[in-house]
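The values are calculated or read from the model by the stated rules, or taken from the named source; none is laboratory data. Since the model is a prediction, treat every value here as computed from it, not as a measurement. Every residue, glycine as well, gets a Cβ built from its backbone with ideal geometry; the counts of neighbours run over all protein chains shown. Quick note on the areas: whole protein, heavy atoms, side chains included, nothing else; ligands and nucleic acids left out. Shrake-Rupley method; radii C 1.70, N 1.55, O 1.52, S 1.80 Å.
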Amino acid sequence: MTSVEEILATWLDKFKPHEDGALLPPHHDHCLACGPDNPHGHHLVVHRRGEEVHAVHVFDQRHVGAPGIAHGGAVATVLDDLFGFLLYLTGAPAVTRQLEVRYDSPVLLGVAYELVAKIVRAEGRKLFVEAEMRDTSGGLVAFASALFLRVDEAHFRQGASNSPPLARPI
Ligand SMILES: CCCCCCCCCC(=O)SCCNC(=O)CCNC(=O)[C@H](O)C(C)(C)COP(=O)(O)OP(=O)(O)OC[C@H]1O[C@@H](n2cnc3c(N)ncnc32)[C@H](O)[C@@H]1OP(=O)(O)O
């Protein structure tokens, strides 16, 4: 598992400008939503598209709520993390202060959905953001809005000495 200091050391590069269309880097290798090395993760892959961020995502059996349907918390995780990619466009880290998700239709496992997020407005440390998740016919299945607050590196160091085991013994 990568340490907080190792993660922070890579952040300056991540917050450099990214070209339109660029593949955006994961927040870190074990991030629950986008980390490629997290076996329990969503492995979300996100690109910049103009001033928005864009992903095509498929939930699988690890994310099941009702049979065949993604758990609402899993959907919220992915939408929250998608917002985290907008931060690369702002050039500064921030964290979720408030997140609201509207679930319009069940999100089916094994089906591709298109996700788009944008910054609605910025006021000082505050970033107001919105995201949509649509099915392949363009139908809106979920809508999220959130307030992110810019924080400095000290925020992330709060977890630096906290490294519980990966899983609880049964
Ligand atoms: C590479 C970057 C890494 C990012 C990864 C992204 C991953 C995906 C996102 C996440 O999972 S983040 C993890 C979940 N979030 C957290 O763990 C955050 C936990 N909360 C905190 O640590 C603190 O609450 C926080 C640092 C966010 C804010 O504490 P502060 O004491 O700095 O701010 P405060 O609560 O006083 O609010 C600052 C301003 O926002 C305003 N505010 C707060 N809540 C509001 C609200 N709900 N609506 C409107 N305004 C609000 C508040 O009134 C105030 O306004 P003014 O500055 O004008 O006085």
| Which far-off residues, 5 or more places away or on another chain, put their amide H under 5 Å from the one on Arg97, with H placed in the peptide plane? | Leu147, Phe148, Leu149
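Of all the accessible heavy-atom surface of the chain, with the other protein chains kept in place and a 1.4 Å probe, what percent is carbon and sulfur? Could the numbers behind the result be given before it?
On the way: 5320 of 9620 Å².
Answer for the chain is 55 percent, counting heavy atoms of protein chains only.
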| request: Determine, for each peptide in 51-58, 9-16, the mean count of other beta carbons within 10 angstrom over its residues, then list the peptides with the highest first. | output: 51-58, 9-16
| task | Keeping all protein chains in place, calculate the accessible area per residue for the range 4-157 (probe 1.4 angstrom), answer in Å². | result | 51 Å²
| task | Let me know the shape class of the chain, please: from the alpha-carbon gyration tensor, a ≥ b ≥ c as square roots of the eigenvalues, rounded when a/c is under 1.5, otherwise prolate if a/b is greater than b/c, or oblate. | result | oblate
| said: Net charge within 12 Å of Leu32 by Cβ-Cβ distance, Lys/Arg positive one each and Asp/Glu negative one each, not counting Leu32 itself? | reply: -3
| field | Charged-residue dipole, Cβ positions (Lys, Arg, Asp, Glu), the range 4-157 about Cα centre, Debye nearest 20 | value | 320 debye
